[in-house]
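In what follows, a single structure is set out as structure tokens and then discussed.
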Amino acid sequence: MITYPKSLDTIFHKLYRHNILPVIVGGYIRDALLGIPSNDIDIELYGVSSLDKVEEILQEFGNVNSVGKSFGVCKMDYKNLDLDFSLPREDNKIASGHQGFTIKIDKNLDFKTAALRRDFTINAIGYDVVSKKMLDPYHGREDLDKKILRSVDKQKFKEDPLRVLRAVVFASRFHMKLDKTLMFTCKEMIKEKLLEELPKERVFQELQKLLLKSDKPSLGFNLLKNLGAFSFFKELAFLNTQEYKEVFNSLDMLKQLPITNDKEFVILALAVITSKFSTIQTQTFLQRVTNEKKLIEKVLQLHTIDFDLDNFNDYDIYKLAQKTDIAFYAHYLHVTQKKKKDTEYLLKKAKKLNVLHKPISPLIRGKDLIELGLQPSKEFSKILQSVYQAQIQNIFNTKSDALIWLKKNLLS
């Protein structure tokens, strides 16, 4: 039996009193069967054709978000749970791309028919909260146990090219194999260049899921390669065998590091993936999947920092701190250069010098130059930079000594 937060029973009982049958569906059921906790719960409501009626019933439990109303979906935050309520529907393809569908809501659909629109059998399992029975018309639980990823309906699968990338993500996350039919279908869709119909933000969402949710992202990239998807991610096709091995070993190694910030991890992962690319190749690869200019800049910055891990002193560390967060950069060095002791020494020294996360604060600022009688000008930045360079070379350590050095060397 599937367990779910008992706080939901109050909502379920209220819905059932209005002759509405709640069925928990999708990812929550899949994750529950895998022993993975989740606060995101999708609930399909049978016996009702109006989302307005659902919203009216739910209002006493919290604010109802109707942002997905055109798709027959409303959302609600309830006792630290993210709830999605949807009505049984059929999706019909009318145009190319990920969003070229019409939605037909039908309260008389049975679960098996409604589940036809689901992508994979493992996501087409439901749990009837009234009868306490599992609904599994496409044998998703068996596929989950056997670690086989299978589409519910081949034709409907082909209607949405995003599902190719979702197949890669699920296969990598749960260490599953695509069945022969799904493998063939994905290859066919890639050959037909259907991935090119996808908005880059949707491609990037799936890429991030692969990087963040898989314990071994190389599995996903190996699958992309075997499916022929490097015709879309073109730059990856230029890696030779040794480069490919090094890059994706480094990527898996990155997953083992204690990086808790998702944004930072994605930047590091993308820098590792593109570490063998030229600057132009890196830009082209990233611009194909994202419009986030700052993210692209940060990835490129990791590539262009020139730091000799075999030979550095305090001055080199101070200079490095001006360019990047050293603790962040050390993760990249650790997995790409494979010099654990040297990286640990760099971190130890940076911490001792108090520049692990940001550069040392300048002793002399613009206001100090004004107090010395200087007028603001273009020379200000040059003077301040010269003083700062002397500071990080340990020529002086106090503000008074810095002023003496400034007057003697730059203002005399």
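Readers should treat all values here as calculations from the given coordinates under stated rules, not as data from a laboratory. Quantities reported herein were computed from a predicted structural model and do not represent experimental measurements. Reconstructed Cβ throughout: ideal geometry from the backbone, glycine too, with neighbour counts over all protein chains shown.
Straight-distance candidates among the lysines for linking to K407, with alpha-carbon spacing under 29 Å and chain neighbours fewer than 8 residues away dropped: K319, K323, K358, K367, K378, K382, K399. Annotation for the range 49-93: chymotrypsin sites (Phe, Trp or Tyr not before Pro) lying in DSSP loop with at most 14 further Cβ atoms inside 10 Å of their Cβ do not exist. Which shape class, rounded, prolate or oblate, goes with the range 1-83 when its Cα gyration tensor gives a ≥ b ≥ c as root eigenvalues, a/c under 1.5 marks rounded, and past that a/b bigger than b/c marks prolate? It is prolate, given that a/c is not under 1.5 and a/b is the larger ratio.
Ordering of 228-235, 215-222 by packing is 215-222, 228-235, highest average first (other Cβ atoms within 10 Å, averaged per residue). Using R₀ = 45 Å, calculate the FRET efficiency as 1/(1 + (r/R₀)^6) where r is the Cβ-Cβ separation of S377 and K352; round to 0.05. Taking R0 as 45 Å, the efficiency between S377 and K352 is 0.75.
Pairs of Cα atoms nearer than 8 Å and 6+ residues apart set the relative contact order; for the range 231-334 it is 30 percent. As a length-normalised measure over Cα pairs under 8 Å and 6 or more apart, the relative contact order of the chain settles at 9 percent.
Of the listed values (i) 1.29; (ii) 0.97; (iii) 1.06, grab the one calculated as Cα Rg over 2.2 N^0.38 Å from the structure here. Structure-derived value, by its label: (i).
For Cα pairs less than 8 Å apart in space and 6+ apart in sequence, what is the mean separation divided by the residue count of the range 322-386, i.e. the relative contact order in percent?
Once normalised by length, the contact order is 32 percent.
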